[in-house]
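Have a look at the structure that comes next, please.
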Amino acid sequence: MPRLELEQPSHEIILVRTPHERQQCYDVRIEVFHHEQKFPLETEIDEPGDKATHFLLRLTPSLTPIGTIRASRSDYAGTTTKRQSYYYKLSRLAVLKEYRRYQFGRALVQRLHDWVAQDAIAPRATQQQQGDDDDERQSNFAAPVPPASHVVEIISHSQIPVKGFYAKFGYEPEGPEFDEDGDPHQKMVFRMPVGISVDKNTVAGN
Ligand SMILES: CC(C)(COP(=O)(O)OP(=O)(O)OC[C@H]1O[C@@H](n2cnc3c(N)ncnc32)[C@H](O)[C@@H]1OP(=O)(O)O)[C@@H](O)C(=O)NCCC(=O)NCCS
């Protein structure tokens, strides 16, 4: 079917800073993943003390929430042959049904990539400073300084019908399909150069 050129409604994507904004992300997730896709409600309630970074897509000027995405950074367990000892996770990407196909999903992924590009070269705490072993921690403090340019891995556990969406951004399948929350998923990995000037059109190419 030929793709319709839809005029994108006026909108903004904000980095969530308040409990109210975070709740609005949960509301979108509950609508999409629980009511629409029938995943259990409890999978949409993040752990207390969750340190993931959330982004909220909302219409302007009404500020009506219509989409969200979540980013987190984790350490690879134990020794690793990976180039970096850490990776990022993209999760909980959702756009309300009536606002799909306006390139909003693309905008949310691009916003997350931009955040990763900044976060990956930001000075940060040592393991000890970061405190306990939290899978979804945010990262923002003092030394050590990361290499000026390197490649980071961003991982998504993709639902099977959405693999093609992630592939558009350069995500590649890795390993077999697996069950998550009662539904088959595929690990998709994007290796993103950071710390060097990258033409966004080539990163987010079709
Ligand atoms: C996945 C989702 C976020 C995509 O959002 P969207 O705003 O409709 O997508 P966009 O309009 O930004 O699409 C960007 C591109 O991806 C393509 N695309 C969208 N959904 C796709 C899919 N399921 N499979 C393959 N390609 C897809 C679009 O055609 C578009 O291609 P183009 O840039 O070449 O024209 C949205 O469908 C959604 O919220 N789905 C329900 C929740 C979900 O499944 N989340 C993912 C969990 S892993």
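Check Thr53, Thr60, Thr43 and return the single one that is at pLDDT 95 or above and under 26 Å from Gly182 (Cα atoms).
Every option except Thr53 fails the conditions.
Now for a different question. Just checking, how many residues over segment 33-73 are within 12 Å of the ligand (Cβ to nearest atom), of a type in the set (Val, Ile, Thr) and touching a Ser or Thr at 6+ places or on another chain (Cβ under 9 Å)?
Count: 1.
Are any of the residues in segment 26-34 at pLDDT below 95 and either within 24 Å of Ile155 (Cα to Cα) or not acidic (Asp, Glu) (or both)? Explain how you work it out, then say what you get.
Just the residues of segment 26-34 that are at pLDDT below 95, to begin with: none.
Scanning segment 26-34 turns up no residue that is at pLDDT below 95 and either within 24 Å of Ile155 (Cα to Cα) or not acidic (Asp, Glu) (or both).
Here's the yes/no breakdown for (1) outside any loop (DSSP other than H, G, I, E, B); (2) touching a helix residue (DSSP H, G or I) at 6+ places or on another chain (Cβ under 9 Å); (3) free of Cβ contacts under 8 Å to residues at least 40 places away in the same chain:
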{"position": "Glu12", "(1), (2), (3)": "yes, no, no"}
{"position": "Gln23", "(1), (2), (3)": "yes, no, yes"}
{"position": "Arg29", "(1), (2), (3)": "yes, yes, no"}
{"position": "Val32", "(1), (2), (3)": "yes, yes, no"}
{"position": "Lys38", "(1), (2), (3)": "no, no, yes"}
{"position": "Lys51", "(1), (2), (3)": "no, no, no"}
{"position": "Ile66", "(1), (2), (3)": "yes, yes, no"}
{"position": "Arg106", "(1), (2), (3)": "yes, yes, no"}
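On to the next question. Condition (residue is crowded, with 17+ Cβ neighbours inside 10 Å, part of a strand (DSSP E or B) and modelled with pLDDT of 95 or more) applied to segment 158-173: is it met by at least one residue?
yes
What single numbered condition from (1) within 25 Å of His113 (Cβ to Cβ); (2) surrounded by fewer than 17 Cβ atoms within 10 Å (Cβ to Cβ); (3) hydrophobic (A, V, I, L, M, F, W, C) fails to hold for Ile45?
Only one criterion is unmet by Ile45, namely (1).
Report, by residue number, each residue of segment 139-157 that is at pLDDT 90 or above and away from the ligand (no atom under 16 Å from the Cβ).
Val151, Val152, Glu153
The values are calculated or read from the model by the stated rules, or taken from the named source; none is laboratory data. Everything numeric in this text was worked out from a predicted model, so none of it was measured. Here Cβ is always computed from backbone atoms with ideal geometry, including for glycine, and neighbour counts include all displayed protein chains.
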